[in-house]
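Here is the structure we will look at, set down as structure tokens.
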Amino acid sequence: MSWDKFCKLGNVPEHYVNVHIDKMDIPRKQGLKSFQTLANNFIKSPKNYIFRGIPGTGKTHFTFSLIRGL
């Protein structure tokens, strides 16, 4: 299924329709892998992830980016 069809059928909010892993600019703590690296590793070999954090930190954005990458 195409990303556009998924967004339409899944009623994805407009804010997340144009997300992409390469467009993410989330700062990371020193010594940790970047979100782009984590996302690409997940797409190559999907595993379970749990996203935690306060509202507004990019969890939903990151999740839709992962779904789009699959």
*Return the total of residues in region 1-15 being assigned to a loop (DSSP other than H, G, I, E, B) and closer than 17 Å to residue 70 by Cα.*
4
*Within region 35-70, can you find the residues that are outside any helix (DSSP H, G or I) and of a type in the set (Lys, Arg)?*
47, 52
_For region 18-53, give me each residue that is open to solvent by 80 Å² or more (accessible area, probe 1.4 Å), aliphatic (A, V, I, L, M) and at pLDDT below 80._
32
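The values are calculated or read from the model by the stated rules, or taken from the named source; none is laboratory data. Not measured: the values here are computed from a predicted model. Accessible surface areas use protein heavy atoms only, side chains included; no ligands, DNA or RNA. Shrake-Rupley method; radii C 1.70, N 1.55, O 1.52, S 1.80 Å.
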